[in-house]
Amino acid sequence: MNQFTKLDKSSRRTFLGGAGMIAAAVTATAVSKVALAAIPEPMMQTKPDTMPPLVPQTSRPYNPVVTLNGWTLPWRMNQGVKEFHLVAEPVVREMAPGFKAHLWGYNGQSPGPTIEVVEGDRVRIYVTNKLPEHTSVHWHGQRLPNGMDGVSGLTQKSIQPGKTFVYEFVARRPGTFMYHPHADEMVQMAMGMMGFWITHPKTKHPNISEVDRDFCFLLSSYDIDPGAYTPKIMTMTDFNLWTWNSRIFPGIDSLNVRKNDNVRIRVGNLTMTNHPIHIHGHEFEVTGTDGGPVPKSARWPEVTTDVAVGQMRQFEFLADEEGDWAFHCHKSHHTMNAMGHDVPTMIGVDHRSVVKKITNLIPDYMVMGERGMADMGEMTMEIPHNTAPMMTGEGPFGGVEMGGMFSIVKVRKDQKPGDYSNPGWYKHPEGTVAFEVNGTVADPLRFKAEGKSAMPLIQKKQAEVEVQIRKPTMESMKH
Ligand SMILES: [Cu+2]
């Protein structure tokens, strides 16, 4: 078996169990040549599913996180040191059913696996480079010796293709962190190289609460032309795919919790812009950043928190309202999938005369955008092979018209503790869903304007300008 293929059952058990591993003569305090001779076999994951939490079998216990559409990297204990093996390599990531992207990542996926350790753990991470160019790994937010910080050229030589480097340090500070290359960063992060890191507290911490559910995901963005597979790495702002863990709605799993669970969600932003992350039906508090836990006296309630570029935010709430609650980035363009942005706004434009002329030349010509863009969700127009629909997701009441950074927090009273599976659609109690009424709508009562401007206007004769747009009518839609 090749060292980089999936582990067979027996070695997986050894890896997870941590018992009976190669008893290499490694000191716990230094990276030695002997350690390099005993590189742990890397674990691979090729499915984009949300894997169940990896409950620690060895070393100190903690309540593990669930990585949305991702997984946690197993480790082995080697004479008191937690050993991990990351492999930087090209990967195929299914961003949503029917749409695959050719990215770079770690251990078969982008983002790479989540690394979970406990405060005080000595951690040794082997990094093998199977990319066509050099790389390095920076451990964002960690306290560590300068030479382990992973900035190629500054604190270490870069890892050349085919080479393996070792990083070793003590996870000194509990909290929410991430890892990413610090070598040809623009390209490597645009290609999807990133991962999550969580350091659990070793004992009860005054500012870190014990929660029932703990989720994490990274924000990343890509620019992939419809029908293409590889991101355009030179794009700076106009990305067309806004992802959570390199997945786009409806490819993002829901966050399934039990009613009255205390829920923690950890989010890291490695895109090129900020993302106001918003939850429906509940209020949360930001309980930590990449700088550490927030003192309780410094927290306030929110329903949206902005996660700026290069930041982590962890927030917590009591899930005490049953239902299927939307959970999304509040930038409305970030809840859309592949689309061009240089399209003119056509709302209210009367296409009728021009359509007649065009259909004489092109019989299947289609008018778009005259009534808004909602039609796009149901559009049956052929799209190029390997393209995500612009917005989609079929809910119990129809199309959700969302894409990108959107998911659902599902709160159920009969969800079992520790069960992260999807309970299906919420069954609303009788009489609790918005409904249609019949009857005529009276003419509106209008306020008489009484406002004046703050300063008197300079009196000049000027024609009043009003922009006329034609509102679509049932009549105009027939054409
Ligand atoms: Cu956003």
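Read-outs: derived from the displayed coordinates by stated rules, not from any lab. This is a predicted model, so every value here is computed, not measured. Ideal geometry is used to build each Cβ from the backbone, glycine not excepted, and the neighbour counts take in all protein chains shown.
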Label region 216-306 by shape, choosing from rounded, prolate and oblate, from the square roots a ≥ b ≥ c of the eigenvalues of the Cα gyration tensor; if a/c is under 1.5 it is rounded, and otherwise prolate applies when a/b is larger than b/c, oblate when it is not.
prolate
Taking region 192-240 and dividing mean pair separation by its residue count, relative contact order in percent (alpha carbons under 8 Å, at least six apart)
29
Could you tell me the relative contact order of region 9-212? Use alpha-carbon pairs under 8 Å, at least six residues apart, and round to a whole percent.
19
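Note down the magnitude of the dipole of region 9-212 about its Cα centre, charges +1 on Lys and Arg C-beta and -1 on Asp and Glu C-beta and zero elsewhere, to the nearest 20 debye. Mind showing how you got there, number by number?
Working: 20 positive and 15 negative charges, 106 e Å.
Dipole of region 9-212, to the nearest 20 debye: 520 debye.
Can you put 275, 102, 385 in order, fewest other beta carbons within 10 Å first? Can you show the working numbers first?
Values: 275 25, 102 16, 385 9.
Going from least to most buried by this count: 385, 102, 275.
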Modelled label-to-label distance, residue 332 and residue 416, 7 Å Cα→beta-carbon offset: nm?
4.3
Placing each pseudo-label 7 Å from Cα in the direction of the beta carbon, residue 289 and residue 154 end up separated by a distance in nanometres of 1.9
Once both labels are modelled 7 Å past Cα along the beta-carbon direction, what's the residue 212-residue 425 spacing in nm?
2.5
In what sequence do 443, 290, 253 fall when counting other Cβ within 10 Å, fewest first?
443, 290, 253
What's the local net charge at residue 83, with K and R +1, D and E -1, over the other residues with C-beta under 13 Å away?
+1
Amide H neighbours of residue 118 at under 5 Å, excluding residues fewer than 5 places away on the same chain, with H built from the backbone geometry, are 200
By the scheme Lys and Arg +1, Asp and Glu -1, what is the net charge of all other residues having a beta-carbon under 9 Å from that of residue 141?
+1
Is region 9-212 rounded, prolate or oblate when judged by the Cα gyration tensor, a ≥ b ≥ c being the square roots of its eigenvalues, rounded requiring a/c under 1.5 and prolate requiring a/b larger than b/c?
rounded
Starting from the amide H of residue 287, placed 1.01 Å from N in the peptide plane, find each other amide H under 5 Å away whose residue is 5 or more places distant or on another chain.
314, 315, 316
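Residue 432 to residue 172: extension gain in nm, 0.36 nm per residue of separation minus the Cα-Cα distance?
Separation in residues times 0.36 nm, less the Cα-Cα distance, equals 88.7 nm.
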Residue pairs, from the table 296/427; 47/416; 296/416; 296/413; 82/410, whose Cα atoms sit over 32 Å apart
296/427; 82/410
Lys and Arg at +1, Asp and Glu at -1: add these up for the other residues within a Cβ distance under 14 Å of residue 182 and post the number.
-3
